[in-house]
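The values are calculated or read from the model by the stated rules, or taken from the named source; none is laboratory data. Please read these numbers as outputs of a predicted model, since none were measured by experiment. Positions of Cβ are backbone-derived with ideal geometry, glycine not excepted, and every protein chain shown enters the neighbour counts.
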Amino acid sequence: MKRFRSSLKPQSWLAALPLAAVLTGLAFPNLAQAVNVRSTNPSNGATNTPTSTNSSKNIVTGTQVSVTFSEPMNPVTIVSNHAGALLTFTVKDAAGYYVDGTVAMNAAKTVATFTPVASALRADEKWTAKVTTAAKSLGGVAILDPIEWSFTTADRPFTGQAPVNLGTVESFAILTKTGITDVYESSIVGDVGTSPITGAALLLRCTEVVGMVYTVNAAGPLPCRTTAPNLLTAAVGDMGIAYTDAAGRSIPVATGLGAGEIGGLTIARGLYKWSSGVSIEKDVTLSGGPNDVWIFQIAKTLVQASATRITLAGGAQAKNIFWQVGGIVTIGTTAHFQGVLLAKTLIAFKTGASANGRLLAQTAVTLEQNAITQPAP
């Protein structure tokens, strides 16, 4: 986002400000509680703006328009829970007609977001947003002048994704419903649990786990086992919710990428969807920033070949990579996997395979001398 620059003529006091003050972006002369607009999104004059926004709850709306204030604002002067209920923050089309939409503030009360009622704005059109002087800070100070900015849409949706909310599963490296088998010796960093099956089906040894080992009853490895049926019930429930969330995401960047073979590719952020299985026969790179999110919707199996690697580039983080798999997951001998596996059935790691991620299986996980480390937070 670019810093907002008003097109209004400067007031006489602004013209009298020292040049250094103007260059440093000061908007008001020594008024501690004065309110100004720090930035807008889309920025003033932006082009190629997507016609829709995919929100953190995977709800697609017309492009959201937001404004960031220098001070916490009084929501009563800005928020509009019903379209057109309050005209402090508005968006108009090129013909001057208001866009139906609602306005909400963030928790800090510094960002107001206008969300259109329609699922998309029209493409190739100029839109004008405005905040009037009815907008006031918590201290009752109004912005000095109305703020107005414009942007132009292009015929493309916003395909970025928000991370899948894992809820109480966040602490787990491995969570299953029907057990964990193990060929000694594996190394697990992060919590481990099985539910509703008894702890007798959790076959790791205490020396293999750096983290908590949870079971639903007084069975499982000693002395590290912790009996926590309620905690596990909540975690397994959240695992199911996360699977459903990932499976339900929309606006894919590509459908059927590589005809199901993604080895050798460099893949940018976004949602990717396959009605088939997916195989990784060569090294694959996921390239993007630290806040970028990848979601892979795979209807059937996921197979990573032996001695292959998933590599992260550009600051991409394993915690933001989600593999939703409807069939069996097989990670080959000495292969290295990255990301959160949300599997409908079995996750099988072959001898010496490793992962920077989470293994969340709605049946079982099988290990063979593997190293599984939960992603950095």
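If I filter the stretch 138-152 down to residues being in contact with a strand residue (DSSP E or B) (Cβ under 8 Å, 6 or more places away or on another chain) and modelled with pLDDT under 95, which single residue comes out as nearest to Y272 (Cα to Cα)? If we take residues in the stretch 138-152 being in contact with a strand residue (DSSP E or B) (Cβ under 8 Å, 6 or more places away or on another chain) and modelled with pLDDT under 95, then I147 is nearest to Y272 (Cα to Cα). Looking for something over 18 Å from G357 (Cβ atoms), surrounded by fewer than 22 Cβ atoms within 10 Å (Cβ to Cβ), within 22 Å of the chain's Cα centre (by Cα) and of a type in the set (A, V, I, L, M) - is there at least one such residue anywhere in the stretch 270-291? No. Quick one: is K136 of a type outside the set (V, I, T), within 20 Å of N74 (Cβ to Cβ) and not assigned by TED's automatic domain parsing to the domain that holds T345? Yes. A count restricted to the stretch 296-314 and to residues that are part of a strand (DSSP E or B) and either small (G, A, S) or out of contact with any Asp or Glu (no Cβ under 9 Å at 6 or more places or on another chain) (or both) stands at 6. A318 meets each of the listed conditions (1) within 19 Å of S171 (Cα to Cα); (2) among the hydrophobic types (A, V, I, L, M, F, W, C); (3) buried (at least 24 other Cβ atoms within 10 Å of the Cβ) apart from (3).
Annotation note: Cβ proximity below 6 Å between a residue of the stretch 82-105 that is over 21 Å from I143 (Cβ atoms) and a residue that is part of a strand (DSSP E or B) and of a type in the set (K, R) (sequence gap 6+ or interchain) occurs for A94/K126. Of all residues in the stretch 102-117, those satisfying the criterion of being among the small types (G, A, S) and either surrounded by 15 or more Cβ atoms within 10 Å (Cβ to Cβ) or part of a strand (DSSP E or B) (or both) are A104, A112. Take the residues in the stretch 73-97 that are assigned to a strand (DSSP E or B) and touching a Lys or Arg at 6+ places or on another chain (Cβ under 6 Å); name whichever of them is surrounded by the fewest Cβ atoms within 10 Å (Cβ to Cβ). So the residue we want is T90. The one condition from (1) crowded, with 20+ Cβ neighbours inside 10 Å; (2) closer than 30 Å to I241 by Cβ that V131 does not meet is (2).
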